[in-house]
1. For segment 71-163, which fully contained strands (runs of 3 or more DSSP E) count at least 1 residues that are buried (at least 22 other Cβ atoms within 10 Å of the Cβ) and in contact with a Ser or Thr (Cβ under 7 Å, 6 or more places away or on another chain)?
2. Of everything in segment 14-27 that's surrounded by fewer than 23 Cβ atoms within 10 Å (Cβ to Cβ) and not small (Gly, Ala, Ser), which residue is farthest from the chain's Cα centre (by Cα)?
3. When you scan segment 177-269 for helices (runs of 4 or more DSSP H) that lie fully inside it, which ones turn up with 3 or more residues that are touching a residue at least 60 places away in the same chain (Cβ under 8 Å) and at negative phi?
4. Confirm whether Leu60 is under 27 Å from Thr179 (Cα atoms), surrounded by 21 or more Cβ atoms within 10 Å (Cβ to Cβ), under 13 Å from the mean Cα position of the chain (by Cα) and not aromatic (Phe, Trp, Tyr).
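Taken together, the values in this text are just the output of simple stated rules run on the coordinates, not laboratory data. Since the model is a prediction, treat every value here as computed from it, not as a measurement. Every residue, glycine among them, receives a Cβ derived from its backbone with ideal geometry; neighbour counts consider all protein chains shown.
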Amino acid sequence: MNIKKAYAIYFSPTGTTEKAVIAAVGGMGLPIEKIDLTLLNTREKYSRSFQDDELAVVGLPVYGGRLPRNLNTFFSGLKGNGTPAVALVMYGNREYDDALIELKIRLEERGFGVKAGAAFIGEHTFSKNIATGRPDGNDLSTAAGFGKQIIESIYGGAANTLIVKGHYPSPLKGYDPATPGTNPIYPQIMTTDSCIQCGLCAENCPWGAINPQDVTRVDSALCLRCFRCLKVCPVQAKQVTDEKFMAFIPLFEKRLNTNRREPELFLTK
């Protein structure tokens, strides 16, 4: 098999998944094309049929041990034709649970042959004090080295079924914003009076949860609390002030910072 081109395909609200995917693709020594499917309008318009001499490295973040909800538009635009693929997930130093096997199977359902899988650690969405600065230099070096291994494995003719950790169907409910009772923490996104209605938060919301005509209105049933809106707001008008959430964060930080998790890599043999 001769791979002509590699595609870095990702959904990455805070940029951590993107870094790992691009590092992995960068280690493959192939021509690269980046496909950022983070924004809803991009996902709704994107459609491509990939060939068997191309390679897709597909990355998604983990929410509550599962892939993010409401991402059918991410997969519907991707069609493989026996196309070799890599499934990569990014989690915030707790556990990725069933997300990796879920991504593997979703890609296989779309016609891809998943040859490798990986779980990387990124700075947690809820706190900069959890897995701070990750993926860091060591993580990205690991990702690049893994990319090289993947190409060597494919060219070596590895044909066995890829085995990754997790259960499918998953017994986990994941993080579902439409059913608050299933989520241990359910912070509300608030908008302060400093808001200048520039619309950047609505333009950058991966879920289409912010009303572009009135950005103070956030649909809680769609919002997955990725906090991208907090990061892009030029005047820090988007905030989380929920008392239960704020009280939970120190305990959450203590629990998740007990040890440094390392990337887990899976290859067909």
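1. Counting at least 1 such residues, we get 83-91, 112-121.
2. Selected residue: Ile22.
3. Passing ranges, in order: 243-256.
4. Working: under 27 Å from Thr179 (Cα atoms): yes; surrounded by 21 or more Cβ atoms within 10 Å (Cβ to Cβ): yes; under 13 Å from the mean Cα position of the chain (by Cα): yes; not aromatic (Phe, Trp, Tyr): yes.
So Leu60 passes the test.
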